[in-house]
Amino acid sequence: MIKRKLFGQHFLNSQSIAEFIVSEAQISKNDIVYEIGTGLGVLTQLLCKKAKKVISVDTDENLIRKAKTAFFEIDNLVLKSGDGFKKNDTFSVFVSNLPYSKSKEAIEWLAQRKFSHGVIMVQKEFAEKLVAKSKDRKAISIIATNTLEIKKISNVGKNNFSPPPKVDSVILKIKKKNNMDKKLISTINQIFSYRRKTVKNILKQFNKESEDEKRVDDLTGDEIVKLAKQILEK
């Protein structure tokens, strides 16, 4: 368990919550499901009953070995060890109890991927950050709300995990709206490093001109994305 904490991951130990997540994922027999964080396989085996195919990835090789032994009879399951965010599998549905330390990376990765919808479990504070408004927004808020429809469907107490985390979690339903490439994501992150500057002064950093005296907090999410695209224009 100590090694698992290094990954920022906590094992879901509630069968009823696992069943709820899989039900809310609305998986059909035509769907390929991508799961990051195989863990003990509490979600994995349920996903396999619904999907055409399940690709489940975990950074811990020992857990993958155990899963291969436990689920050897499941013929629509592909188990892989390694970083799930660095693999290039095609999928239609994404389901994950996301490692807390990887939540931001996960959203930026999902922003770049083509898929239909999914269900993710994240730290409560991170969920609030994703849908934050105005001055509470971060770059990840803009990236998330521009590329995904996000709906909170349930709170999950810390006692539903082993080892228990220090914070509660939230289950979110996501639906893909738009794709965003790596350069655009990077530029939005850069804009937020200048958030106290005016648009005029931000653009000056990139050798571009504007008379707009608004600050980042005064802009809508769409205007921030538009500003990022303007910066990237040659």
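Just to check your reading of the model, which residue among 207, 201, 189 is outside the structural domain of residue 95 (by TED's automatic domain parsing) and at positive phi? Give the steps one after another, and end with the answer.
On the way: 201 fails: at positive phi; 189 fails: at positive phi.
Only one candidate qualifies: 207.
Just one of 173, 158 is crowded, with 16+ Cβ neighbours inside 10 Å and either outside the structural domain of residue 196 (by TED's automatic domain parsing) or in contact with a strand residue (DSSP E or B) (Cβ under 8 Å, 6 or more places away or on another chain) (or both); which is it?
Working: 158 fails: crowded, with 16+ Cβ neighbours inside 10 Å.
Unique residue meeting the criteria: 173.
Evaluate the following for residue 131: is it among the β-branched types (Val, Ile, Thr), closer than 29 Å to residue 190 by Cβ and either outside the structural domain of residue 190 (by TED's automatic domain parsing) or over 13 Å from the mean Cα position of the chain (by Cα) (or both)?
Details: among the β-branched types (Val, Ile, Thr): yes; closer than 29 Å to residue 190 by Cβ: yes; either outside the structural domain of residue 190 (by TED's automatic domain parsing) or over 13 Å from the mean Cα position of the chain (by Cα) (or both): yes.
Yes.
For segment 60-107, enumerate the residues that are of a type in the set (Ser, Thr, Tyr) and either surrounded by 18 or more Cβ atoms within 10 Å (Cβ to Cβ) or in a helix (DSSP H, G or I) (or both).
Filtering segment 60-107 for residues of a type in the set (Ser, Thr, Tyr) gives 69, 81, 90, 92, 96, 100-101, 103.
Hits for segment 60-107 are 69, 92, 96, 100, 101, 103.
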Inset, instruction - Return a yes/no flag: does segment 30-40 have any residue that is in a loop (DSSP other than H, G, I, E, B), in the same structural domain as residue 175 (by TED's automatic domain parsing), more than 21 Å from the chain's Cα centre (by Cα) and among the aliphatic types (A, V, I, L, M). - result: no
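Just checking, which of 132, 127, 144 is on the phi < 0 side of the Ramachandran plot, in contact with a helix residue (DSSP H, G or I) (Cβ under 6 Å, 6 or more places away or on another chain), in contact (Cβ under 8 Å) with a residue 12 or more places away in the chain and not polar (S, T, N, Q)? Step through it out loud before you land on a result.
Details: 132 fails: in contact (Cβ under 8 Å) with a residue 12 or more places away in the chain; 127 fails: in contact with a helix residue (DSSP H, G or I) (Cβ under 6 Å, 6 or more places away or on another chain).
Only one candidate qualifies: 144.
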Legend entry - First in segment 59-76 and touching a residue at least 24 places away in the same chain (Cβ under 8 Å), second anywhere and of a type in the set (Ser, Thr, Tyr) and part of a loop (DSSP other than H, G, I, E, B), Cβ under 6 Å, 6 or more apart: 63/38; 67/38
Legend entry - Pairs, first without any contact (Cβ under 8 Å) to a residue 40 or more places away in the chain in segment 78-100, second part of a strand (DSSP E or B), C-beta under 6 Å, six or more apart: 78/55; 80/57
Inset, instruction - Starting from segment 148-172, take each residue that is under 15 Å from residue 131 (Cα atoms) and list its partners that are surrounded by 15 or more Cβ atoms within 10 Å (Cβ to Cβ) and of a type in the set (Asp, Glu), counting only C-beta distances under 8 angstrom and pairs at least six apart or across chains. - result: 153/24; 171/24
Legend entry - In segment 170-195, residue farthest from residue 126 (Cα to Cα) [restricted to those that are at pLDDT below 95 and of a type in the set (Ser, Thr, Tyr)]: 194
Legend entry - Residues that are surrounded by 19 or more Cβ atoms within 10 Å (Cβ to Cβ) and more than 20 Å from residue 117 (Cβ to Cβ), drawn from segment 32-59: 38, 39, 41, 42, 58, 59
Inset, instruction - Looking only at segment 196-231, count how many residues are more than 25 Å from the chain's Cα centre (by Cα) and in a helix (DSSP H, G or I). - result: 10
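With respect to residue 45, is the statement that it is outside any loop (DSSP other than H, G, I, E, B), assigned by TED's automatic domain parsing to the domain that holds residue 173 and closer than 27 Å to residue 159 by Cα true? Walk me through how you get there before you give the answer.
Numbers: outside any loop (DSSP other than H, G, I, E, B): yes; assigned by TED's automatic domain parsing to the domain that holds residue 173: yes; closer than 27 Å to residue 159 by Cα: yes.
When the stated conditions are applied, residue 45 passes them.
The values are calculated or read from the model by the stated rules, or taken from the named source; none is laboratory data. Just so it is clear, the model here is predicted, and its values are computed rather than measured. Positions of Cβ are generated from backbone atoms using ideal geometry, with glycine treated the same way; all protein chains shown enter the neighbour counts.
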